[in-house]
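Below is one structure; the comments refer to it alone.
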2 protein chains.
Amino acid sequence: MSIIVQKYGGTSMGTIDRIKNVARRIIKKREEGNQMVVVVSAMGKSTDELIKMAYSISDAPPRRELDMLLATGEQVSISMLSMTLNAMGYDAISFTGPQVGVHTMGHHGKSRIMDIETKKIEDALNDGKIVIIAGFQGVNENDDITTLGRGGSDTSAVALSCVLECPCEIYTDVDGIYGVDPRLYPPAKKLNTVSFDEMLEMASLGAGVMHARAIELGSKYNAEIYVASSIHDVPGTLIKEGDSNMSPMEQQAITGLAIDNDELMVSLKNVPFDMNITAQFFSDLAKKSINIDMISQTAPVYGAINISFSAPIEDLSELRKILYDFMEKYPQVEMDINKEISKLSVVGIGMRSQSGVAAKFFQLLADNNIPMLMITTSEIRISCVIPSELRDTAVMATADAFDL
Amino acid sequence: MSIIVQKYGGTSMGTIDRIKNVARRIIKKREEGNQMVVVVSAMGKSTDELIKMAYSISDAPPRRELDMLLATGEQVSISMLSMTLNAMGYDAISFTGPQVGVHTMGHHGKSRIMDIETKKIEDALNDGKIVIIAGFQGVNENDDITTLGRGGSDTSAVALSCVLECPCEIYTDVDGIYGVDPRLYPPAKKLNTVSFDEMLEMASLGAGVMHARAIELGSKYNAEIYVASSIHDVPGTLIKEGDSNMSPMEQQAITGLAIDNDELMVSLKNVPFDMNITAQFFSDLAKKSINIDMISQTAPVYGAINISFSAPIEDLSELRKILYDFMEKYPQVEMDINKEISKLSVVGIGMRSQSGVAAKFFQLLADNNIPMLMITTSEIRISCVIPSELRDTAVMATADAFDL
């Protein structure tokens, strides 16, 4: 028998009926002769509710204690799914992340998986059991419960498929990967396959379907990831190595478009032009695990520079502390925090072989009177920050122009 | 500095405001120079809600998975209380039962504490932290999460005070121990002290304030337990070894009255008179950890006997299976399950030295036309099963007659 790792997200686990639906899907694959390892997220919006509870007590709950709280969400899910499978006549057993030995390191709330023990899983599979594992969580070297950050259950599932050397199937509330989010652009087309590189760019840009670290991991171990609907029985999207499966001639310049509304932009004016000051500032941010995304810096004028960067909105309170400390040290610096921004990105392996994509994209925005507040690019991606209010206009124009 | 173990129940932890109140009480004792170890139950009715969720999936959820689910209730509480203490400026750290090393054995849902590791607790206390520990839960030899059964948080707290060799304070939604539940008999008197023996009888009879096993443990290790209100600042009740603190002359025959509505009575008629059959039957019940309480058996007539016994209503589904198996083997047996019963018990160390208590009690019930369906007695207790509908009449009459 071969092992399959499946992952079901919060929406798929949102109600008793949906959990029963998930159980039936697991049983179907099981009856086809597979050994099943299933990773689940917390039910519905329960993680959001737990976060709300925590923040009703404190603006800055200790992250160790927040992890302790959040981990209960998946623990509820795994036991509910296991009970459902047992009630349907299948022997199932649930494990928390710490229990099964998902070892992590790094900051609470943003931990990274170091390794996963397979003994308990393999023993249970050999006993004929369906194994249910809590996604999103693990245990660190102090025996503290840790969480992997938003969408971490994807990472848990892919990591498990790597250590168990088996396929990974991610079931979610969308039918697969689209070039553009269909909620933003209804005529959006579904992709049959997409490369790790493209997917990685889209995920890290907030395309939302998959957690970036999960794709990184899949790419590193070359573990193909199948993403499909947990509700509809329609073909999903296979994320795999290499170029897209189209021949270069047909290849589109742009495979996907992503929007990220969860970032803010900080502008610092009149910063002393001294590499040590800049380096120290970004090092302070890194120490707090604040993921700076885009950075731009102007040329020095009269010994001063302007720096802009974007960062996740969720890190605002930590970020503010560092900014205030910085301004206390350098009182001449002027600061502006803009939360009314969206990051619009276009991604495609085709960019490597086709020129003029950037020019076409910029012209498109100009034609639609959409100002670009910041720009960054990679080999297969162009991102720009635009005012939030112009987001929908920008998505429509881009998706139309690049036939997504 | 000396250590104090405090325990706060679900009602005391029911809302954010109540958790803040609990935190302030902990801080007060801390500021008086004590090292604080705090055991908490799940918030409000959350355990009931989790049980309801489980039973919405299955009539008989696997107990291992049910424990996995229920343990989340306390995990939410400990993190919330720890966050609250941290927000108030006190360094606090929370531990689940498995994390801190509460080792248990026995059946899921009814596990017993074997030992508790103290290293993590002592390390955290020495670091100046307030230590918050999830009650009701532990971990067994398979590394599975276990629960101790209803009210198990009391047991967790007393067990901790035993291993840490320190006082134990149980804070609850009542002001202390009363001779009769004030909800049943408003003029009820609060006791300043009560002996372990009396308390043990009352607890095992469903007096509700304290978990029987907690008192057993306190008695075994002679660890005094102080029970008081988590809301009102009024003196509570000290449970300690020995006779009540009144001199023998003043000593009342009856210290307390307890009502248990959570039992059912099973009557089996026409059971073959064979000790092996009876022994096998009760051994089957024991294997499923069904706590049989009262048992009565008639003398044999024509080679058949009648057996009655009472058992917890929560064990009904397990109980039914065993009864049906039994009747399949012995089709001549007639069975009746009566859920409309209450168990009324009177308890008092005074019974040891005063005679005629039973006679007075039985006469009282007879005068009030209350039939006794079953009777059992111990050295300091008389219990009888009565029809539920006559419960209030019986409580009033007894409390009045014995001046409780």
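The values are calculated or read from the model by the stated rules, or taken from the named source; none is laboratory data. No experiment lies behind these values; they were computed from the predicted model shown. For neighbour counting, all protein chains shown are included, and Cβ atoms are generated from backbone atoms with ideal geometry for every residue, glycine included. With ligands, DNA and RNA removed, areas are computed over all heavy atoms of the protein, side chains included. Shrake-Rupley method; radii C 1.70, N 1.55, O 1.52, S 1.80 Å.
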inquiry  = Out of all DSSP beta bridges in segment A:2-173, what portion is antiparallel? Express it as a percent rounded to 5.
reply    = 25 percent
query = Using alpha carbons only, how many degrees (0 to 90, rounded to 10) separate the axis of helix A:16-31 from the longest principal axis of chain A?
reply = 70 degrees
All-pairs alpha carbon distance profile, segment B:135-185, 10 Å steps from 0, percent = 21, 37, 29, 11, 2
request  = Per residue of A:57-64, count partner chain C-beta atoms within 10 Å of its C-beta, then hand back the mean as an integer.
outcome  = 6
query = In chain A, what residue has the beta-carbon at the shortest distance from the axis of the rotation relating A to B, and what is that distance in angstrom, rounded to the whole number?
reply = A:72, 2
key: Rounded FRET efficiency, nearest 0.05, which uses the C-beta distance separating residue A:59 from residue B:15 and R0 of 25 Å   = 0.80
inquiry  = Using helices alone, I'd like the mean residue ellipticity at 222 nm for chain B: each DSSP H run of four-plus residues gives -39500 (n - 2.57), total over residue count, nearest 500.
reply    = -11000 deg cm²/dmol
query = Extent of segment A:2-173 along each principal axis, from alpha carbon coordinates, in Å, largest to smallest?
reply = 49, 33, 22
inquiry  = Interface size between chain A and chain B, please: total buried accessible area, 1.4 Å probe, rounded to the nearest 100 Å².
reply    = 2900 Å²
query = Got a number for the accessible area of residue A:381? Probe 1.4 Å, square angstrom, nearest 10.
reply = 40 Å²
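Which order do you get for A:108, B:103 if you rank them by accessible area with a 1.4 Å probe, largest at the top?
Ranked list, largest accessible area first: B:103, A:108.
For segment B:8-161, calculate the relative contact order in percent as a whole number, restricting contacts to Cα pairs under 8 Å that are 6 or more residues apart.
26 percent.
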ask   = Does segment B:86-196 classify as rounded, prolate or oblate by the C-alpha gyration tensor (a ≥ b ≥ c root eigenvalues; a/c under 1.5 gives rounded; else a/b over b/c gives prolate, otherwise oblate)?
value = oblate
inquiry  = Please compute the Kirkwood hydrodynamic radius of segment B:86-147 from all pairs of different C-alpha atoms, in Å with one decimal.
reply    = 12.2 Å
remark   = With the 8 Å Cα cutoff and a minimum separation of six or more residues, chain A has a relative contact order in percent of 13 percent
note = Placing one equal point scatterer on each C-alpha of segment A:252-291 and summing with Debye, one gets log10 I(q)/I(0) at q = 0.23, 0.26, 0.29, 0.32 Å⁻¹ equal to -0.88, -0.99, -1.08, -1.13
ask   = How many times 2.2 N^0.38 Å is the alpha carbon radius of gyration of segment A:31-73?
value = 1.67
ask   = What is the calculated FRET efficiency for residue A:392 to residue A:283, with r their C-beta to C-beta distance and R₀ = 41 Å, to the nearest 0.05?
value = 0.60
ask   = Taking each residue of B:90-97 in turn, how many C-beta atoms of other protein chains fall within 10 Å of its C-beta, and what is the average?
value = 3
note = Note on the protein assembly as shown, DSSP bridge orientation, antiparallel percent to nearest 5 equals 60 percent
remark   = By the C-alpha gyration tensor axes a ≥ b ≥ c (rounded if a/c is under 1.5, else prolate when a/b exceeds b/c, else oblate), the shape of chain B is oblate
key: Percent of beta bridges antiparallel (DSSP, chain A, rounded to nearest 5)   = 60 percent
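Give the shape of the protein assembly as shown as rounded, prolate or oblate, defined through the alpha-carbon gyration tensor: a ≥ b ≥ c are the square roots of its eigenvalues, a/c under 1.5 means rounded, and otherwise the shape is prolate if a/b is larger than b/c and oblate if not.
It is prolate, given that a/c is not under 1.5 and a/b is the larger ratio.
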inquiry  = What number comes out for accessible area per residue over segment A:2-173 if the probe is 1.4 Å? Units Å², please.
reply    = 35 Å²
query = If you line up the long axis of helix A:357-367 against the longest principal axis of chain A, both from Cα atoms, how many degrees apart are they, to the nearest 10?
reply = 70 degrees
Cα-based helix-to-principal-axis angle, B:275-287 vs chain B, degrees rounded to 10 = 20 degrees
remark   = Fraction of alpha-carbon pairs in segment A:151-244 farther than 18 Å apart, rounded to whole percent, equals 38 percent
inquiry  = Could you report the accessible area of residue B:336 in Å², rounded to 10, computed with a 1.4 Å probe on the protein chains as they sit in the structure?
reply    = 80 Å²
message = Which three extents, in angstrom, do the Cα atoms of segment B:268-308 have along their principal axes, listed largest first?
response = 33, 19, 12
Anchor residue A:329: lysines whose Cα lies under 25 Å away (excluding residues fewer than 8 positions away in-chain) = A:269, A:287, A:288, A:321, A:339
inquiry  = For a quick check of understanding: with a 1.4 angstrom probe and all protein chains in place, what accessible area in square angstrom does residue B:198 have, to the nearest ten?
reply    = 0 Å²
request  = Mind checking B:42-53 for the average number of partner chain beta-carbons within 10 Å of each residue's beta-carbon?
outcome  = 1
